[in-house]
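Values quoted throughout were computed directly from the atomic coordinates according to the rules given, and no laboratory measurement underlies them. Predicted model, so just to flag it, every value in this text is computed and none were measured. Please note: Cβ atoms are built from the backbone with ideal geometry, for glycine as well, and neighbour counts cover all protein chains shown.
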Amino acid sequence: MASPKIEAVIRQRHQMAECPVWEEETGQLVYVDINGRSVCRWSPFTGEVQTVGLRNRVGCVGLCQKGTYVVAAGTCLGLLDWGTQQVQWMAWLDRDKPHNRFNDGKVDPAGRFVAGELPKGEGMASAHRGSVERGRVLVFSRFIPLWLLTAHTDMAPTFLGEAAAAWEPSTLRCSGPVASSQEGPSALSAEESTNPRILYHLQQGQGMPDGMCVDTAGKLWVACIDGGRVIRVDPETGTLLRTVHMPVSRVTSCSFGGPSYMDLYVTSAADGLSQEQLLKEPQAGHVFKVTGLGVKGVAPHTFAG
């Protein structure tokens, strides 16, 4: 198997780049910088990165109509008009919990927005050390929360990998050091998850599962934060199929894009690294393109509004 080519295509030190999504209509990559409180859009043709700043930390972004995007920032969900750089906020949750925030999210095949909520605004490390509150997954249709899913785990899950938005019939999420799946006849259900199935258990030194995506073969690609890698896993057998070692340790998410969706875009973070570590990782916070993988990704879905 030939080694893939890894190239830093966006050489900016983002604090916490996350949630990359390819916009086929414009040929651009859209993503967020969570702690930078911004939505970003990169053109591979010009190399320019445009940004729209928001008041709160923005956890995720999804495609809507051309020039508009669904965004989740703080505990609010809204539509961002790129032309005016204004957000029309449509839903506001947990008004009594101002420190909660949305983390990751994607649009599912039904055009609904599936977003995970992080309790008390915690980061990855503190969330996985255990939190009093539980993480939740919320499903929005026309900006109305249809239902929520609360975790039954000893450690508060951060719901970083809503790969179910692209891969049916399972709802994938990250819960502690494992990626797990709530299976059922439909992609999502209103009942709480009581019997999650472990897809793959990350070993010591492999980091924690973060953002993820799927390819057309139904295989799962998982970014491993603090593990410096992206792994490909067979969700049916739990077999580790491939490991792509990245030049940075804080790998946050991945998504296919480019011509025929054969390029894997990988985001990373600089936040959480010491000055000494940053000197050793000069590309921390950059966005990378991985080519030569020999697989094709699934195109993202569009929010129905």
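Below, the figures for the structure above:
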{"item": "Distance between the stretch 224-266 and the stretch 72-101 - C-alpha centres, whole angstrom", "result": "29 Å"}
{"item": "Additional length obtainable on full extension of the chain from His99 to Gln50, 0.36 nm per residue less Cα span", "result": "14.8 nm"}
{"item": "Shape category assigned to the stretch 29-105 from the gyration tensor of Cα positions, a/c cut at 1.5", "result": "prolate"}
{"item": "Burial ordering of Arg11, Arg95, fewest other beta-carbon atoms within 10 Å first", "result": "Arg95, Arg11"}
{"item": "Paramagnetic reach from Thr216 (point 7 Å along Cα→Cβ, amide N under 20 Å) across the stretch 268-303", "result": "290-302"}
{"item": "Amide N proximity, the stretch 256-277 versus Glu24 label position 7 Å along Cα-to-Cβ, cut-off under 19 Å", "result": "256-265"}
{"item": "Ranked Ile34, Ile198, Ile10, criterion: other C-beta atoms within 10 Å, fewest first", "result": "Ile198, Ile10, Ile34"}
{"item": "Over 26 Å between alpha carbons, listed pairs Lys66/Lys97; Lys219/Lys289; Lys106/Lys280", "result": "Lys66/Lys97; Lys106/Lys280"}
{"item": "Cα-centred dipole magnitude for the stretch 35-104, charges only on beta-carbon of K, R (+1) and D, E (-1), debye, nearest 20", "result": "120 debye"}
